[in-house]
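Q: One structure coming up, written as structure tokens, with questions to follow.
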């Protein structure tokens, strides 16, 4: 893959891209206000994508357990709820703790099958949401050599880069993003990778490099 485009080169493409880059720049400059919303949206897109890649290939009855676990993961948080019921949880921690338990059970029973790998991926996502970043990193690192589809591998790599960032391992995150940029059949746009890179650089204290 060729060299990384500069922001000026990206902006020359078309007005829509220029607008998107402007929004991206605002989000970098106002990261603390925008990160939560963007993280939820981007995370949902990535998780849906990886779920489609893995989950859609399996036709066995084992997918029923995965479906139920995903329903828990996508459950709603309602502070008024006294206890978990019908995938409605009183706290975010309660939701991800319940989802984590479900994915761990699937991972344990399915091993390196499609369901097992997907369960490990979502387990890592739950661990990261629960602040258990080191465990999330270990889970993603574990399945990297087991993923044989190149586009699936890129999804895991992006999740790992985000996990590195969450753990303050910015150099590791940037190296992983470099690998994604060199992918022959990219699963993500240059702008999507650039946004994650900008967050790493900004948090590392290199704000000018992030722009």
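The values are calculated or read from the model by the stated rules, or taken from the named source; none is laboratory data. Small disclaimer: the values here were computed from a predicted structure and weren't measured. Positions of Cβ are generated from backbone atoms using ideal geometry, with glycine treated the same way; all protein chains shown enter the neighbour counts.
Q: So, in the stretch 170-190, how many residues would count as being surrounded by fewer than 16 Cβ atoms within 10 Å (Cβ to Cβ), in a loop (DSSP other than H, G, I, E, B) and touching a residue at least 60 places away in the same chain (Cβ under 8 Å)?
A: 2
Q: Name the pairs: first residue in the stretch 102-117 and closer than 17 Å to residue 146 by Cα, second residue modelled with pLDDT of 85 or more and outside any helix (DSSP H, G or I), Cβ to Cβ under 7 Å, at least 6 apart or on different chains?
A: Sorted first by the residue in the stretch 102-117, then by its partner, the pairs are 117/147.
Q: With (1) closer than 15 Å to residue 199 by Cβ; (2) modelled with pLDDT under 95; (3) surrounded by 19 or more Cβ atoms within 10 Å (Cβ to Cβ) as the list, and residue 143 as the residue in question, which single condition is left unmet?
A: Evaluating residue 143 over (1) closer than 15 Å to residue 199 by Cβ; (2) modelled with pLDDT under 95; (3) surrounded by 19 or more Cβ atoms within 10 Å (Cβ to Cβ) leaves (1) as the failure.
Q: Now, a different point. For residue 139, indicate whether it is touching a helix residue (DSSP H, G or I) at 6+ places or on another chain (Cβ under 6 Å), under 18 Å from residue 117 (Cβ atoms) and not in a helix (DSSP H, G or I).
A: no
Q: Right, next: Residue 141 fails exactly one of the following numbered conditions: (1) within 17 Å of the chain's Cα centre (by Cα); (2) at positive phi. What is the number of that condition?
A: Tallying (1) within 17 Å of the chain's Cα centre (by Cα); (2) at positive phi, residue 141 fails exactly one: (2).
Q: Restricting to the stretch 45-86, give me the number of residues that are crowded, with 16+ Cβ neighbours inside 10 Å and modelled with pLDDT of 85 or more.
A: 8
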